[in-house]
Structure formats: C-alpha cells, structure tokens
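Q: Structure in structure tokens, see below.
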Amino acid sequence: MIEKILSTAVPAALIAIAAWRSPAAWRSDRAQRSLCLTIGLLGLALLLGGTLAGGLLHHAVPNVPVLLKHTFGIASAAALIDYLYAVHGHGPRGRLRPSLRLLVTAELALAVLFFTTLPRRAGGHYDDIVKQHLGDARLDLYLSVFYSYLGYSMFIGAAVFWRHLRSVPRGLARSGTALLAVGCSVGALYTAFRIGVLAAAHVAQTNIAVTDTVSYLLMVISILLIVTGLIMAPLRALARYVRHQQAIWHMHPLWADIVDQFPNLSFGGPRRSRLHELVTVGDRSIDVAHMAFVVRDGMLYLKPWGTPETTHTTIGTDVRSEAQWVRTALLRKAAGETGPTTDESAHVERWLRGPSAEIRWAAEVARHYNHKARRV
C-alpha cells in the first residue's frame, strides 16, 4: 500500500505543486527557486522509480530507471542544500558553487559507470540489479558514488536544519523545518545503513530479505518526512491563495456597486467579472487588499447619502449594520437623492486596522451585503 502511494500519488502531488509554484518561484528569490526545484526533482525521482513509469522505461533501456531515480534523487538533495543555504544566508557562493561542481561530478560519474561497467540485463524488475549483483565490485563502485553524495547532503541538511530550528518562527514554518531535520537525519541513517550492507556483502552472506526491509522502512520514513516538510510552505501559500480568492468572491459585488456609483474616482483598473476573478491564478495579496480598501473608501464617500443617526451608530461597530447602511446609501445615491449631509465634526469614525483585519472586515460586510441582496 505504501509503495503504491509513493509511486503514484506522492510523485503526482509533488510535480503538481512544483508546476503550480514555478512561475512565482522563478520571479522570486533563490530560496523559492531552490525549494521549487527540490519538490519537482524529488517528484520526478519517485515517479521514475515507480513501478508504472519505471517498468515502461526498463523495457526501452534495461535498468535505466535505476540511473534516473538516482540522478534526480541526488539533484533534489543538492537543491535542498541550496535552499537551506539561501534561507540561512551562508554557504558556498560564486558563479559555479562548489556544491554544484560536486553535483555535476557525481551525476557524470553515475552515468559513466552505469553505461560502461554496471552489469545490466533485460527482463525482470529493473531494481533486481541491486539484489542480483550485491557484492559485485562494479555495483559497489556505482552505489558508492550515489550513497556518498546522498549521505553528504543528508548530513549537511540535518546539521543545518537542527542548528537553525529555534530561530524559525513558530507555526507551519517551524513544523516544516523540524520535519526536514528529522527526515534528513533518517536519510543520513539510511545511507549509512546501506553502505554497511554493501561492506557486509564482501565479508559474509548478508540476509538480503532483512536488510532490504530495514532499508525500505528507513527510506520511506525519510521520504515522507522530507516531503511533508517541503510542502509546508507551498501549502501555506495555497491556503492563503484560497482565503484571498474567497474574500475577493465575497467583495466583488459590493466593490462593483461602489465603482459604478463613483465612476470619476480612481478606484482601480478596468472592471473584471466575478467569474474572471475566481479563475485568476497567482498571488492575490495586492488585489484583495486593493478591493478591501476600495470598500472602505467607498463607504466614506457615501457619507452624504447616509443619515447622521445611522452613521454614528453603525459605522465601525457591527458588520450587519454596516452592510445595511452601505446598501441604503448606495440605493439613495443611485436614485439621485442627496439627503442630509453628515456634519464634518461628526465624521464617520473608523477603527484602525491592519491590512489583514481590513480584508476580513470588508469581506464580512460584503458577505452580509450579498445575503441581503439575495433576499431583496
């Protein structure tokens, strides 16, 4: 069951997350680009190492899924190291960083050893090459390159993540860092165990069934912990995107009515439909904040169409009353009424709110405004 999840659902989810995040990541800083690369490359490594994709490739080029999953696996580990260096502001720098040179060297060594020395054969399962040739010096040479680089990456990752864990803000960010620290630690243990298995194969007949079970459990635990830690940040961004989209959906009718009643005021760019707003992708932080402040400013401009008594008693106190007030004022403005103008000394009082609180307030007012409109 776990193997099926690792070979299908997890890779598909990782590749989808990387594809979704890649446009914003490439416009962002080095940390976001490295994080996106780590997620995508790990997804490719798991996908190509899976039974479905791996089986198809194995029939085309015998045992090539082994090379591909190892190639993408250590590339993902390298991107993870680059991510933590970027986040914590230290590590190798330069046009061609030492970690990149080491990765290129390891990748070339794996490719050369795979096609020139590794004993490959068609038929069977592509991963049988490890079981069938355990103790063969040619396989040991190939795997020593892979495990050395993977172990180096996991050790560095665990050390840096554990060292900086307390400096990470509480919440999802710290939880993700803790999972990455534990995952890299288990990954380092996995590589050490596998190197021990290779060494023991030259000394005595190793119980392959037992060692494979232990190796598999360590690998699965490490991958699941690292995957969960990596997707904390994208999931947080996705949750923020969903919240902003929901707020925009609620605010759009009220925002549109305000813009219609004040065409001469600079309330934003060209009008877009509510459905168009719903299917817009990308960061909506600026859009949702702009819409919320248009609602706030529109209510201030609507003061002449509200009555002094309702202005004093409702604005800034209760969202239901505010929704009723703005609906009444908009109807009076649309009908061409002027009504009693509020006294300047009795201006609309507003509580000071930050952007997040202003968005929540405007979305709640708009939600009640929309509910009232459906009842009318």
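Q: Can you put ILE286, ILE17, ILE74, ILE39 in order of Cβ neighbours within 10 angstrom, beginning with the fewest? Intermediate results must be reported in sequence, preceding the final value.
A: Working: ILE286 9, ILE17 22, ILE74 25, ILE39 29.
Arranged by neighbour count, lowest to highest, ILE286, ILE17, ILE74, ILE39 become ILE286, ILE17, ILE74, ILE39.
Q: Separation between the VAL220 and SER285 pseudo-spin-labels, each 7 Å from Cα along Cα→Cβ, expressed in nm?
A: The modelled label-to-label distance comes out at 3.9 nm.
Q: Return the FRET efficiency for the residue pair LEU141, SER167: r is the Cβ-Cβ distance, R0 is 30 Å, and the value is rounded to the nearest 0.05.
A: Efficiency for this residue pair is about 0.15.
Q: Also: Please order GLU322, GLU277 by the number of other Cβ within 10 Å, starting at the fewest.
A: GLU277, GLU322
Q: OK, next. Could you give me the ³J(HN,Hα) list for region 139-155, computed from phi with Karplus coefficients 6.51, -1.76, 1.60 and θ = phi - 60°, whole Hz, x at Gly and Pro?
A: Rounded to whole hertz, the list is 5, 4, 5, 5, 5, 5, 5, 5, 5, 5, 5, 5, x, 4, 5, 5, 5.
Q: I would also like to ask the following. Using the Karplus curve 6.51 cos²θ - 1.76 cosθ + 1.60 with θ = phi - 60°, work out ³J(HN,Hα) for each residue of region 231-241 in order, rounded to whole Hz, and write x for Gly and Pro.
A: For region 231-241, the Karplus-derived couplings read 7, 4, 5, x, 5, 5, 5, 5, 5, 5, 4 Hz, x marking Gly and Pro.
Q: What is the fewest-to-most order of LEU189, LEU300 by other Cβ atoms lying within 10 Å of their Cβ? Please list the in-between numbers first.
A: On the way: LEU189 16, LEU300 11.
Ordered by Cβ neighbours within 10 Å, fewest first: LEU300, LEU189.
Q: In whole Hz and in residue order, list the ³J(HN,Hα) couplings for region 360-367 that follow from phi through the Karplus curve 6.51 cos²θ - 1.76 cosθ + 1.60, θ = phi - 60°; x for Gly and Pro.
A: Karplus-based 3J(HN,Hα) across region 360-367 equals 4, 4, 4, 5, 5, 4, 5, 4 Hz.
Readers should treat all values here as calculations from the given coordinates under stated rules, not as data from a laboratory. This is a predicted model, so every value here is computed, not measured. Please note: Cβ atoms are built from the backbone with ideal geometry, for glycine as well, and neighbour counts cover all protein chains shown.
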